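The values are calculated or read from the model by the stated rules, or taken from the named source; none is laboratory data. Remember, it's a predicted structure, so these values are computed and weren't measured experimentally. Heads up, the Cβs are rebuilt from the backbone with ideal geometry, glycines too, and the neighbour counts pull from every protein chain shown.
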Amino acid sequence: MHLLISSNTELVPMKTKKTKSIMRYKIFILLFSIGISQHVLGQEDTTKTKEPSKFDAFNKKAERLFTFLPVPLYSYSTEAGNIVGLAKFNMIRLDRTDTISQPSKISELVTVSSKGRVKVAVTTDLIWDENKYMVLGYIYFKKQEEYIFGIGNDVTIQDAEEFGYSQFRFSNTLYRRVVKNRKFYVGLGFDIADYTQIVY
């Protein structure tokens, strides 16, 4: 072992096993740090929001558009023929300061068919005063033809008779919550129906 005596009389080892192990340790730490930094820098930033796909962007635009415009409908049945119409669905808040009540819902539907059927309907689910009150109801008008088969069990398809009618119906039920913080309601409802233009 070689020692160098300095002017301040400190003993400094030149080359020992201890210095070699310290150097190896420092080199290992340095390489390990470089590897960690490269790994961290190479990782993707998961906090960045991904760009929406074209399909998702189209859906978002359509969703915003249909808050103002109704959705077109088409269907077919042997009784009604080709059916076309428009449907609309909205969620609103009756009181903007009420952040506890669930949103109220209003939906509208208008259809006509190639065989003369007509249907116009509006349904409501109105909620206010922190879910304390609800009004569930609907109003509709329909004009269509139906078949009746007479009375009893001994009827055949040949006994079918067609008749047409127009119907107006209005139904509403007012509910009030009676147990706080529970979905327990009591209500009072009424139903009005009027049949006109009955044709056999």
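Some points to look at:
- Identification of strands (runs of 3 or more DSSP E) wholly contained in segment 95-200 with 3 or more residues that are modelled with pLDDT under 85 yields 133-148, 161-177, 185-199.
- Candidates S107, S101: the one that is within 22 Å of L65 (Cα to Cα), surrounded by 14 or more Cβ atoms within 10 Å (Cβ to Cβ) and of a type in the set (G, A, S) is S107.
- Filter result (more than 29 Å from K143 (Cβ to Cβ) and either touching a helix residue (DSSP H, G or I) at 6+ places or on another chain (Cβ under 9 Å) or among the aromatic types (F, W, Y) (or both)) within segment 75-130: W128
- Any hit, segment 61-77, residues being on the phi < 0 side of the Ramachandran plot, surrounded by 13 or more Cβ atoms within 10 Å (Cβ to Cβ), touching a Phe, Trp or Tyr at 6+ places or on another chain (Cβ under 6 Å) and not acidic (D, E): no
- For beta carbons closer than 6 Å, sequence separation of 6+ or different chains, a first residue in segment 95-124 that is closer than 30 Å to N181 by Cβ and a second that is small (G, A, S) and surrounded by 16 or more Cβ atoms within 10 Å (Cβ to Cβ), the qualifying pairs are T124/G137.
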